[in-house]
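Asks: Here you go, one structure.
The values are calculated or read from the model by the stated rules, or taken from the named source; none is laboratory data. The shown structure was predicted, so the numbers you read here are calculated from the model rather than taken from an experiment. Cβ sites come from the backbone with ideal geometry, for glycine too, and all protein chains shown count toward neighbours.
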Amino acid sequence: MMNVLNRMRFKRVRSRFLAAMILLSLPLIVLLGLISINITNDALIDVNEKSNKDQLKTSSEVADLLFGNINNLHWSLVNNNEIRDELRSNGQNPDIRPDIQTLRTSTRLQRMVSSSHADTRYVKSICIFDLQFRTYCSGRSDDAGVFEGEDKITRIKESQWYMNAYKNKGKIEYLPADLFGESDEAFSTVKLFRDADHNGVPIGIMVINVSKSIFNKVFNSSGSEYGAYMALDHLDGSPTAVYNSSFDVPLGKGGMNEVLGQLEKQGYFINSFYNQTSKWTLVHLVQKKELLGEAKNLRWVTTLIAAAFALFAIAVSYIISGTITRSLLQVKKMMLDWTKGVKEFPEVFAQDEVGVIGNTFRRIAVEYDELNEKLVHSELKEKEAELRALQSQIKPHFLYNTLDSMYWMAYLEKNYRVAEMAVSLSESFKLSLNKGKETMPVYNELKHIQHYMKIQNIRFNDRFSYMEDVDDAILGMEMLKLLLQPLVENSIYHGLERKIGKGTIRLTGRKVGHYLVFTVEDDGVGMEDVNQTEHGYGLKNVRERLQLYYGPDSSMNMWSAKGVGTKVTLKFNPLPPKETGTNT
């Protein structure tokens, strides 16, 4: 064996070096190419999964907004006294002439829809059944569609959507298709119409048909380059496609997990997100061969690059193998000394390639510290320039002057409510900027809330009452800005705005020992699970800023009860520990 190796051994050092470089470099380059391809495939899959999960979450949030408009339209019709009186009268008079009553009720329904502030872009039609199952519609003929006929009442009563409407006791149910059977491009929402003036007894059923083009808006924000989107309804068994952007994707039989599993076996990557408003599952799916098509191209590119590197390695190996001389040992010694901290290199190198490398390395080692300092200094200058550029873009005076112009224009037009809103917005913006300072006096934080409440009451026609009970002794104390205003904003958007009628927000402030304690409470709709607020940006941001600025000694506690209201309490020490004499 040794004899064979000795015979294969090249006599020249350059040849041995060249052979060694080829044997070492080529397998490594091939292995690197294979690894890079696998890593690329995995990265594409991971990026696709994360990106589409985020996209579906965004689409669900857009759907919540759009479906919320449909729900608001339901509630506005339910709360309309004229419509409610008409249904109550129709239900109590079965012998009334249907043509006259239908025309009158449908006309009132049309007038109510036209005057509503709800977004009706995607609403195709609105229909109401009274207790005698007479139909009054806006946007379509006054009939029951596929249920019209001699056995109309029996068929409606036996339908699943009708039984679910009574079972849900007024909650809005989303159906995957048009219950009237008139269009494949619409789905229906159903709500039991209850009489709020008579202990909530049922007086009819309301149906709003919504165009499926609403999903173009829902999924358009995701902006995926390829793949298909679906909205699946699966409350009554096997999933049903409410919306399918690609009709080439068939749905199998079974439960949701079984159907999605079947699609995965057919070669799809699948991501899904459950929408709470509609109880539908939003799905994005893309074929594996389509997603990994770019990876195939990368495989060829990697092969070509590996071949190029191999040729380059052979050429370089052949060139540098001729420089294996005594100077190489000098360079090696110099490098070892440099790793040990030696800064001076007295050796004189030969005038060959290795000597050039040695001289170059010696020069690099000497200049290393200077280059390091220059690099750090350059990065600091760059960051400073970027900061100045960002700061220069902030033009508060431009905004103040614009709002001031808006105020006078509104005032001259005698639109005093708009003028008040412009003034409040300007003052609120000034207080928010606070000349760049992180803290402000308590009385300025309260002013910010007062301006905010004025704006909201102008928007919502004075629906909200705001009460302050803050000790005079703490008004001049400094606190972190924008801690209380988000709590008031949360009370409006999640408590009072959803409440029917007027609501009240009460803010109290006390000094308890070394601590300031503020409480914001409302009599809004409340919630069953206060932990769901952790998913929102506002309260989560307040909690994090409170902890970062005032430390673990601070706290934010929240209490809520459905139908009663919500209460949030902040507690923090406005002074550093050395000023309070405590060790916390």
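Asks: Please go through segment 491-522 and give me each residue that is of a type in the set (Gly, Ala, Ser) and under 20 Å from Glu445 (Cα atoms), ordered by number.
Replies: Let us first name the residues in segment 491-522 that are of a type in the set (Gly, Ala, Ser), namely 491, 495, 501, 503, 509, 513.
Within segment 491-522, Ser491, Gly509 meet the criteria.
Asks: Residues in segment 158-207 that are in a loop (DSSP other than H, G, I, E, B) and of a type in the set (Gly, Ala, Ser): how many?
Replies: Pass one, segment 158-207, residues in a loop (DSSP other than H, G, I, E, B): 159, 168-172, 175-185, 196-200.
Now narrow it down to the ones that are of a type in the set (Gly, Ala, Ser): 159, 170, 177, 181, 183, 196, 200.
Summing the residues that are in a loop (DSSP other than H, G, I, E, B) and of a type in the set (Gly, Ala, Ser) in segment 158-207 gives 7.
Asks: Could you tell me which residue of segment 490-507 is farthest from Asn80 (Cα to Cα), considering only residues that are assigned to a helix (DSSP H, G or I) and of a type outside the set (Phe, Trp, Tyr)?
Replies: Of the residues in segment 490-507, the ones assigned to a helix (DSSP H, G or I) are 490-496.
Filter once more, keeping what is of a type outside the set (Phe, Trp, Tyr): 490-492, 494-496.
On the way: Asn490: 28, Ser491: 26, Ile492: 23, His494: 23, Gly495: 22, Leu496: 20 Å.
For segment 490-507, the residue satisfying everything is Asn490.
Asks: I need the full set of residues from segment 232-254 which are modelled with pLDDT of 75 or more, of a type outside the set (D, E, K, R) and under 18 Å from Ile172 (Cα atoms), in order please.
Replies: Leu232, His234, Val242, listed by residue number.
Asks: From the list Arg498, Arg459, Arg463, Arg506, which residue is basic (Lys, Arg) and at pLDDT 95 or above? Walk me through how you get there before you give the answer.
Replies: On the way: Arg498 fails: at pLDDT 95 or above; Arg459 fails: at pLDDT 95 or above; Arg463 fails: at pLDDT 95 or above.
Exactly one residue qualifies, and that residue is Arg506.
Asks: While we're here: Out of all the residues in segment 525-542, which are touching a helix residue (DSSP H, G or I) at 6+ places or on another chain (Cβ under 8 Å) and either outside any loop (DSSP other than H, G, I, E, B) or at pLDDT 80 or above (or both)? I'd like the intermediate steps shown before the answer.
Replies: Taking segment 525-542 first, the residues touching a helix residue (DSSP H, G or I) at 6+ places or on another chain (Cβ under 8 Å) are 525-527, 533-534, 536, 538-542.
Answer for segment 525-542, where residues must be touching a helix residue (DSSP H, G or I) at 6+ places or on another chain (Cβ under 8 Å) and either outside any loop (DSSP other than H, G, I, E, B) or at pLDDT 80 or above (or both): Val525, Gly526, Met527, Thr533, Glu534, Gly538, Leu539, Lys540, Asn541, Val542.
Asks: Another question, then. Output yes when any residue across segment 547-554 is closer than 18 Å to Glu438 by Cα, touching a helix residue (DSSP H, G or I) at 6+ places or on another chain (Cβ under 7 Å) and modelled with pLDDT under 90, and no when none is. Steps first, please.
Replies: Taking segment 547-554 and keeping what is closer than 18 Å to Glu438 by Cα, we get 547-551, 554.
Filter again for touching a helix residue (DSSP H, G or I) at 6+ places or on another chain (Cβ under 7 Å), leaving 554.
With modelled with pLDDT under 90 added as a condition, the list becomes none.
No, because not a single residue in segment 547-554 is closer than 18 Å to Glu438 by Cα, touching a helix residue (DSSP H, G or I) at 6+ places or on another chain (Cβ under 7 Å) and modelled with pLDDT under 90.
Asks: Yes or no: Ile22 closer than 20 Å to Ala315 by Cα and either assigned to a helix (DSSP H, G or I) or at pLDDT 70 or above (or both)?
Replies: Details: closer than 20 Å to Ala315 by Cα: yes; either assigned to a helix (DSSP H, G or I) or at pLDDT 70 or above (or both): yes.
Taking the combined requirement at face value, the residue satisfies it.
Asks: Would you say Thr40 is in a helix (DSSP H, G or I), at pLDDT below 75, hydroxyl-bearing (Ser, Thr, Tyr) and under 50 Å from the mean Cα position of the chain (by Cα)? It would help to see each step written out before you state the result.
Replies: Working: in a helix (DSSP H, G or I): yes; at pLDDT below 75: yes; hydroxyl-bearing (Ser, Thr, Tyr): yes; under 50 Å from the mean Cα position of the chain (by Cα): yes.
For Thr40, the condition - in a helix (DSSP H, G or I), at pLDDT below 75, hydroxyl-bearing (Ser, Thr, Tyr) and under 50 Å from the mean Cα position of the chain (by Cα) - is met.
Asks: Right, here's the next one. What strands (runs of 3 or more DSSP E) completely inside segment 436-489 contain at least 2 residues that are touching a helix residue (DSSP H, G or I) at 6+ places or on another chain (Cβ under 6 Å)?
Replies: Values: elements: 439-441, 464-470, 478-480.
Strands (runs of 3 or more DSSP E) meeting the threshold: 464-470, 478-480.
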